[in-house]
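See structure below.
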Amino acid sequence: MSMTISTYQSSHSQATPPDSILLDVIRTRRSIRRYTRQPVPREVLEALLTAASWSPSAHNRQPWRFAAITSAAVQETLARQMGDRLRADLRVDSVPPEAIEQDAARSYSRITGAAALLVACLSLVDMDRYPDARRAQAEYLMAAQSTAMAVQNLLLAAHAYGLGGCWMCAPLFCPDVVQETLALPADWQPQALITLGYPAESKTKSREPLETRVLWR
Ligand SMILES: Cc1cc2nc3c(=O)[nH]c(=O)nc-3n(C[C@H](O)[C@H](O)[C@H](O)COP(=O)(O)O)c2cc1C
């Protein structure tokens with residue numbers, strides 16, 4: 001039986017568990033870091049980006065921006081450039097050279113081993129502007145929160161399509177490198193690298209009990 005949104009909402013307005021597969025998708029999504037070589041069709045990537053675009057955002061300004069990378073050559077260049085910055089940062093931390101190379105190699109294989117990459121960025125161009133740092137910071141945070149929500153939609157949609165994905169925080173540590181390598185518009189601030197592909201591993205994870213994270217008042 002097909003349901004309209006309003007019949008869906010009214011049939012779930014009581015405290016009965018919904019029969020939607022959505023909760024299953026939410027519960028069974030895992031961060032997947034190893035992928036097969038099978039390419040991800042462009043239409044699927046577009047469906048994921050569309051799912052991302054349906055997430056809530058502050059003032060509905062949709063501050064997220066995505067750079068979609070499907071070219072192995074671009075992937076390789078990005079991995080190399082980010083690896084160089086990682087090495088430089090770790091050298092400043094006086095990390096032993098073998099450990100630096102190990103870290104850099106892991107980062108390189110994570111980035112080049114994905115079937116596709118999406119760089120999630122935020123842009124402040126459509127956000128409100130404030131003269132004071134306190135409110136400017138709140139507005140910036142709202143843009144970052146909105147972008148993270150878009151990525152969560154995207155990761156859930158990827159899981160629903162049988163894909164695995166993982167959020168990599170590395171671009172936050174080298175936004176200038178990502179900007180320059182991908183020739184991104186000046187207002188795009190790289191936030192995360194999302195690796196995607198058909199899973200070559202399965203993962204289990206647990207969560208802390210609600211009572212350690214929730215207060216009822
Ligand atoms: C903001 C953020 C940053 C993350 N950065 C990384 C990362 O740099 N590398 C990585 O392997 N996983 C990263 N993750 C994935 C987390 O490790 C993962 O979500 C967590 O361990 C829970 O596992 P699950 O996603 O399978 O439930 C990040 C996740 C978030 C939300």
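The values are calculated or read from the model by the stated rules, or taken from the named source; none is laboratory data. Computed from a predicted structure; not experimentally measured. Cβ: placed from backbone, ideal geometry, glycine included. Neighbour counts: every protein chain shown. SASA here: full protein model, heavy atoms, side chains in, ligands and nucleic acids out. Shrake-Rupley method; radii C 1.70, N 1.55, O 1.52, S 1.80 Å.
Let me know the shape class of segment 84-153, please: from the alpha-carbon gyration tensor, a ≥ b ≥ c as square roots of the eigenvalues, rounded when a/c is under 1.5, otherwise prolate if a/b is greater than b/c, or oblate. It is oblate, given that a/c is not under 1.5 and a/b is not larger than b/c. Sparse packing (at most 12 other Cβ atoms within 10 Å of the Cβ) combined with a DSSP loop state is found for the following trypsin sites (Lys or Arg not before Pro) in segment 81-148: Arg129. Springs between alpha-carbon atoms under 10 Å, Gaussian network over the chain: tell me which of Val40, Val177, Val95 tops the mean-square fluctuations. Checking each option, the largest mean-square fluctuation is seen for Val95.
Simple point charges give the picture: +1 on the Cβ of Lys and Arg, -1 on the Cβ of Asp and Glu, and for segment 82-145 a dipole about the Cα centre of about 60 debye. Computing FRET efficiency as 1/(1 + (r/R0)^6) for Asn60 and Asp132, where r is the C-beta to C-beta distance and R0 is 22 Å, gives about 0.35. Normalised Debye scattering of segment 153-217 at q = 0.11, 0.12, 0.17 Å⁻¹ gives log10 I(q)/I(0) of -0.46, -0.53, -0.83, counting only Cα atoms as equal scatterers and leaving out solvent.
Using θ = phi - 60° in the Karplus curve 6.51 cos²θ - 1.76 cosθ + 1.60, the 3J(HN,Hα) couplings for segment 88-101 round to 4, 4, 5, 5, 4, 7, 6, 6, x, x, 5, 5, 4, 5 Hz; x is entered for Gly and Pro. Take every pair of alpha-carbon atoms less than 8 Å apart whose residues are at least six positions apart; their mean separation over the length of the chain yields a relative contact order of 33 percent. Other residues whose C-beta falls under 10 angstrom from the C-beta of Glu201 contribute a net charge of +4, scoring Lys and Arg +1 and Asp and Glu -1. P(r) tail, the chain: Cα-Cα pairs separated by more than 28 Å, 40% of all pairs.
Counting protein heavy atoms only, the chain has 57 percent of its accessible area on carbon and sulfur, 1.4 angstrom probe.
Of His159, His59, the residue with the largest accessible area leads and the full order is His59, His159 (1.4 Å probe).
Of the GluC sites (Glu not before Pro) found in segment 119-217, those that fall in a DSSP loop while having at most 12 other beta-carbon atoms within 10 Å are Glu201. Heavy-atom accessible surface of Leu163, to the nearest 10 Å², is about 10 Å², with a 1.4 Å probe and all protein chains retained. Within the shell of other residues whose beta carbon sits under 13 angstrom from the beta carbon of Ala150, the net charge comes to +2, with Lys and Arg scored +1 and Asp and Glu -1. Annotation for segment 30-73: trypsin sites (Lys or Arg not before Pro) lying in DSSP loop with at most 15 further Cβ atoms inside 10 Å of their Cβ are Arg37.
Placing a label point 7 Å from the Cα of Ala186 along the Cα-to-Cβ line, the residues of segment 129-170 whose backbone N sits under 19 Å from it are 129-130. Computed from backbone phi with θ = phi - 60° and the Karplus coefficients 6.51, -1.76 and 1.60, the 3J(HN,Hα) list for segment 127-143 is 7, 5, 10, 10, x, 9, 5, 4, 6, 4, 5, 5, 5, 4, 4, 5, 5 Hz; x is used for glycine and proline.
What is the sum of charges, Lys and Arg at +1 and Asp and Glu at -1, for the other residues whose Cβ falls under 12 Å from the Cβ of Thr28? That sum, taken over residues with Cβ under 12 Å, equals +4.
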